[in-house]
Each structure stands twice: as C-alpha cells, then as structure tokens.
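Some notes on the structure that comes next.
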C-alpha cells in the first residue's frame, strides 16, 4: 500500500460529505443547489475508486460504502439551506460508521446521524412531535449500545456483547418502530445498515446470534400480521422488513446478503419517493430481484425449522404479487429515475447469484 493511502483515502471516503456540508454552509444561497449536486456527483465518483485502499477495510464495508455514498444524489433538491446541508451530514455519519474499527465509535455515529435526521424531518411544528417520538427509541438503543461497547473488553462475560446487540437492534429500527417518511427512509437506510454491519461482526457470540434471530423473526412476524390486518401498506413497511432480513443476514454471517438488501432498500426508497407503484414484489422477495437472492443466501444458513418459519411468513405477500409485471415502469411507458432504478434493481438481482458465491472475510471484529 502506498504510504499516503491511509490519510488520503480516509479523507476521500469518509470525510467528503462533512467537507461538502461545510462548503455548502459557506456558499451563497443562490448557488447552493448547483453546488450540492456537484458535491454529490463528485463523492459518488471518488468513493468507489478510493474505498478499496482504506487501511484495514474489508470488501463488505467497501461495497456498502459505495452504495451509501449515492444517497445525497438520490434525494430531491431541498428548498432551503438546512435541507441541503443535513443530508450530507447524515451520509457522512453513515460512511464513517461503516469504516471505523470501533464498536463505541460506530454507535456514537449512528446516534449522531439519528439526531441529525430527526432535526431535518422535524423542523415543522406539526411534524416535530412525531419525528422525535420515532427517534426516542433509537436514541435509547444508542445508550444501551454505548454501555455494551464499554463492557466489551470484559472477556469473561458476554454482557457487553448482549447489551450492544440489543442497542443495535433498536438503532436498526427492529421491533415496534414506525416506518419513516420516504425522504427520511432514504437517509435512514445508511444508518440502519451501519448498525446491521456492526451486528454482523458480532455474530460470533452464540447468545448474540440467538438475539439477532429473535429480533429479525419477531419483526417479520409483527410486520406480516400488521399488513394482513390492514394496519399498514406494503410499501410503507419495506424498510423495516428489509432491516429485519438484514438482522437474519447478520445472524447467519451472510455478508453478501446484507449488500443485496442495502441495494434493495435504497432502490425501494427512491421508488417510493418518486411515487412509483407495483413494487410490492421487490420488497417481498419475488424473483429475480435482489431481496430474493438475499433470502436464498440467508436460507442456506438457517436451520430447517427457521427456514420453514421464514417461508411461511413470506408466502402471503408473495401470493398477492405473483402476477405483477417484471418492470412496471417500462410497461407503463415511463422513463426517468423510476425506470433507471428498476433497471438497476433488476441488474442487481440477476447478478445476485454471482455475489452469493463470494464469501468475503470480515476485516475486524469488536
């Protein structure tokens, strides 16, 4: 490795959103819109080139960083200065959380990103109470996670790992957590999967493995029951459902499934934000979309009883979408971001079997 690579790549990969936010703060308001677009495109171009040179990184963190770095470009242009700056700050927290080698630091960064996201979404007086109610449980998870991370050096006890896992489950939105609005869901995806990636690194602990399975299956069952009772629509529960699948992927050590689920979560958030319809099958695990490939990877590592439970939970939704069109946007004659994102998701699903044959090794463990 080149001697300058550690400093240069750390700056390019993880700090560029924070630098972009600082430059936007100093930019006149009439030029902020074009400047934010320039920074988002530049970050998307730089990160895939530099992330593989990060000192001590692994392929899973690098792949997730390449996906998360696209978030500022996928969001619609905000109308005020704060709305343009905060997405870069939240993305910066997620990128740092994916690449730092400290459970304590990852938990702090996820908490900071949650506060920034709540600030962005709760600026209106009518929305503030709802948004901060959503963030309260996440911040409670941050407190538990910090306590667990501080107890991790105690090798003779698994209490630290258990507390950290429970906190990370709350940070990842598992359990009875309300679904965020479309724009918030896109920003929240990076934070949730940063927590899930840390959970993946903790899966070597036997008790932690069990807790992640309970959290994942419990969330799936809760979402399936709420959907069958008509309490929520399929689209509004896509991010919580994918987070639950991510917990199962972390428990089973299927890192490539986490990458596929992150791709699906970002794509579905964009489609939801653009008002697209007919995407229920993508989130439910229909073939040949990325979620289907991720579920295949998870299923090969589950025990027989757990696999049967997962299939039973997925069957009702899959049965309702069995006759949907493969690419609804192209069938309707639409072009633009919706059609492009559906094409990207289809390509990711078709390449999914090749990814499942890839078994990367984690670069570090807490």
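What the table below lists for this structure:
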| quantity | calculated |
| --- | --- |
| One residue from 114, 91, 107, 57 being under 21 Å from residue 364 (Cβ atoms) and at pLDDT 90 or above | 107 |
| Single match in 246, 216 (criterion: buried (at least 24 other Cβ atoms within 10 Å of the Cβ), within 18 Å of residue 306 (Cα to Cα), modelled with pLDDT of 90 or more and within 14 Å of the chain's Cα centre (by Cα)) | 246 |
| Sole exception among (1) more than 11 Å from residue 107 (Cα to Cα); (2) without any contact (Cβ under 8 Å) to a residue 60 or more places away in the chain for residue 169, by number | (2) |
| Residue satisfying all of: in region 60-80; over 14 Å from the mean Cα position of the chain (by Cα) and in a loop (DSSP other than H, G, I, E, B); modelled with the highest pLDDT among these | 75 |
| Check on residue 185, part of a helix (DSSP H, G or I) and either within 26 Å of residue 86 (Cβ to Cβ) or at pLDDT 90 or above (or both) | yes |
| Some residue of region 22-33 being within 26 Å of residue 338 (Cα to Cα), at pLDDT 85 or above and surrounded by fewer than 18 Cβ atoms within 10 Å (Cβ to Cβ) | yes |
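The values are calculated or read from the model by the stated rules, or taken from the named source; none is laboratory data. Quantities reported herein were computed from a predicted structural model and do not represent experimental measurements. In this analysis, Cβ positions are derived from the backbone assuming ideal geometry, glycine residues included, and neighbour counts consider all displayed protein chains.
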